[in-house]
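Have a look at the structure below, then the notes.
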Amino acid sequence: MSEEIQDNEKPVAEAPVRKPLWAQLVSDILSPILVPTYATALAMWVTSLRAVPEETRWLVIAMVFIITGLIPLLAITLMIKLGIVSDRAVSQRNQRYIPMSVAAVCYFGASLFVGSIGSPTWFRMFFLGAAAATALDLIITFKWKISAHTTSMGGLVGMMFWFAVSGLADVNVMIMLSMGIVLAGVMCTARLLLQRHTLGQVIAGLLLGFACCFAAMCIR
């Protein structure tokens, strides 16, 4: 098993494994710091929120990106410069505590932001669910390297599933949900091929993100 999975253990001598470029691209494009922005765009264009003026919708998306994407990215960049973390992916389990704490606070901040502009309860609760999932990831990370990437994808699928069961979406929900499930599967495969996690870690992350976000959105 690779060094990424075993954290700080030294790997045995073995031939280098070539990691596919597409897997890294998927991990970057569907990064936990970008998925909340995608979820916001989804909410703005497939639900009744699309009745909101387009300029306002784009402003909300930009603010969510700043809160849940740009701030964590800047925090990680600063931590790299300070030597707190060794790389932008935060590959080492024992270096993830502060970045995950920052992410959880940012998700909570996004919930406060969308609440302050009069967003519906389900939208606010999605971000609270994401904050809860990240907080649980943080606790689990003290003992086990659960996948934050699949946690975020699980949250996105949880939102899509809630749209399907609530009847809120204005599009073909089965197509949307199917695409979300496929993307989640692609992400799980990418993390395994990159040897960042075990199968159990990617599945646990996916289920945790799904459960937290879906359950939170069910709260009225």
(message) Checking Val186 against (1) under 13 Å from Val46 (Cβ atoms); (2) open to solvent by less than 60 Å² (accessible area, probe 1.4 Å); (3) not in a loop (DSSP other than H, G, I, E, B), only one condition comes out false. Which one?
(response) (1)
(message) Return the residues of the range 137-155 that are open to solvent by 10 Å² or more (accessible area, probe 1.4 Å), more than 19 Å from Met187 (Cα to Cα) and part of a helix (DSSP H, G or I); say none if nothing qualifies.
(response) Leu138, Ile139, Ile140
(message) Looking at the range 84-93, can you tell me whether even one residue there is surrounded by 20 or more Cβ atoms within 10 Å (Cβ to Cβ) and in a helix (DSSP H, G or I)?
(response) no
(request) Starting from the range 162-188, keep only residues that are farther than 30 Å from Gln24 by Cα, then list their pairs with residues that are aromatic (Phe, Trp, Tyr) whose Cβ atoms are within a distance under 7 Å, requiring at least 6 positions of separation or different chains. (result) Ala169/Phe163
(request) Select, from Ile203, Ile219, the only residue that is surrounded by 14 or more Cβ atoms within 10 Å (Cβ to Cβ) and of a type outside the set (Lys, Arg). (result) Ile203
(message) Among the residues in the range 156-172, are any surrounded by fewer than 20 Cβ atoms within 10 Å (Cβ to Cβ), in a helix (DSSP H, G or I) and out of contact with any Leu (no Cβ under 7 Å at 6 or more places or on another chain)?
(response) yes
(request) Kindly provide the set of residues from the range 25-71 that are out of contact with any His (no Cβ under 8 Å at 6 or more places or on another chain) and in a loop (DSSP other than H, G, I, E, B), ordered by number. (result) Ile33, Leu34, Thr47, Val52, Pro53
(message) Exactly one condition in (1) over 16 Å from the mean Cα position of the chain (by Cα); (2) not in a loop (DSSP other than H, G, I, E, B) is false for Thr134; which is it?
(response) (1)
(message) Restricting to the range 105-124, name every residue that is open to solvent by 20 Å² or more (accessible area, probe 1.4 Å) and aliphatic (A, V, I, L, M).
(response) Val105, Leu112, Ile117
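The values are calculated or read from the model by the stated rules, or taken from the named source; none is laboratory data. Values in this document were obtained by computation on a predicted structure and should not be read as measured data. Here the Cβ is made from the backbone with ideal geometry for all residues, glycine too, and neighbour counts use every protein chain on show. When the accessible area is computed, the model is the full protein with side chains, heavy atoms only, and any ligands, DNA or RNA have been set aside. Shrake-Rupley method; radii C 1.70, N 1.55, O 1.52, S 1.80 Å.
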